[in-house]
Amino acid sequence: MKKKLFTLGLCSGLLILAACSSSGSQQGGQRDLTGTMWSLSTINDQALVPGSGITIEFTSDGKVSGSSGCNLYAGVYKTDGDGIVISSPMASTMMACSQEIMDQETAYLKALSDVRTFTATKDQLTLKDATGKNPMVYEAQSQDLAGSSWEVTGYNNGKQAVTSVLAGSTITAEFGKDGVLSGKGGCNDYSGPYVVTGNKIKIGPVVSTRMACAEPAGVMEQETQYLAALETAATYKLEGKVLELRTADGALAVDYSKK
C-alpha cells in the first residue's frame, strides 16, 4: 500500500503575516521558543490518545511546524513579549488515521488558532488562549537517537514511492549507544554503523544474515528495499513518537514509530 502526502498551500494572508513575524526572541525574561522540538504532553489537562504524538517547532524566521498526530502542519507565528499569534488555517498534509486520532488532531489545530500567550523554560512550553484557560503543555524533546528502539511504518522502495510494511511482517531498528544500528529486516537480522552530526546521519554499510523467508509474499524484496533505503538516509528528525529519515534531496527514506 502506498502512502501519499498532499500538501495544502498557504493563503496570501499567511505570507503577509510571515513577512512581519518576529523570531520569538527572549523578551521580559521569556526564553526563546526556537531551537527546540517540543512534544505535547497534555491538552486541556488531558493526556494524548495512547500511542499518538504531537509536536511543535518554532524557527527564527517566524515559521512554525510539527506533527498533529496524523498529519504534518506548517504556518507562521508572531510574538510580542509573552503574547503569541499562530496563523490559521494551517497548511497540512492530508493523511487519514483512526477517528480518535483525527478528532484529537482537529481539536489540537483549533486550540493552536486560539493561542494568545506562552511561557517557556528550558524544558517546558505552555500555550494558552486569551482567557488563560485550555493550556497546552509541551516538554522539550531530545533529538538523541542513541539507545532508542523503533518499528518501521513506511520505507522508500527505490521506485519513487513510500510503501507500508507488509501485513504479517515487522521491521525494527535499534540505535545503539555504541554507534551501531541493528534490527530485524522482516526475515533477517541486520546491523551497520551510524554516525550523527547535528540533524545529519550516515548509515552503513549494512550487513545481514542470509536466511530465506517465503511468507508473507514479497518479504524478501521488502527487506532488500528497506536496507537500501537505510543507506540513502542523510538527515533525521524526531517528532513525538515518530522518527523520519530523509535523503539528501529531502525525500522520505524510512518512517518509524516508537516501540
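The values are calculated or read from the model by the stated rules, or taken from the named source; none is laboratory data. For clarity, every value in this text was computed on a predicted model and none was experimentally measured. A quick note on method: Cβ atoms are made from the backbone with ideal geometry, for glycine too, and the neighbour counts reach across all protein chains shown.
On inspection, Thr121 passes the criterion of being at pLDDT 90 or above, among the polar types (S, T, N, Q) and over 20 Å from the mean Cα position of the chain (by Cα).
A count restricted to segment 189-203 and to residues that are over 19 Å from Asp144 (Cα atoms) and crowded, with 18+ Cβ neighbours inside 10 Å stands at 1.
Restricting the first member to segment 174-202 and to residues that are assigned by TED's automatic domain parsing to the domain that holds Leu230 and closer than 15 Å to Leu245 by Cβ, and the second to residues that are modelled with pLDDT under 95 and of a type in the set (Val, Ile, Thr), the beta-carbon pairs closer than 6 Å and six or more apart or on different chains are Asn199/Thr235; Lys200/Thr235. Determine which single condition Ile171 fails, assuming it passes every other condition in (1) surrounded by 14 or more Cβ atoms within 10 Å (Cβ to Cβ); (2) more than 23 Å from Ala251 (Cα to Cα). Against the list (1) surrounded by 14 or more Cβ atoms within 10 Å (Cβ to Cβ); (2) more than 23 Å from Ala251 (Cα to Cα), Ile171 comes up short only on (2).
Applying the criterion of at least 2 residues that are charged (D, E, K, R) and free of Cβ contacts under 8 Å to residues at least 60 places away in the same chain to the strands (runs of 3 or more DSSP E) found wholly in segment 110-156 leaves 124-129.
Could you tell me which of the residues Thr93, Thr106 is under 17 Å from the mean Cα position of the chain (by Cα) and not hydrophobic (A, V, I, L, M, F, W, C)? Just one listed residue meets the conditions, Thr93. Inspection of segment 216-237 identifies at least one residue that is assigned to a loop (DSSP other than H, G, I, E, B), under 25 Å from the mean Cα position of the chain (by Cα) and under 25 Å from Ser39 (Cα atoms).
Taking the conditions (1) polar (S, T, N, Q); (2) free of Cβ contacts under 8 Å to residues at least 24 places away in the same chain; (3) in a strand (DSSP E or B); (4) over 30 Å from Val85 (Cβ atoms) in turn, Thr170 satisfies each one other than (3).
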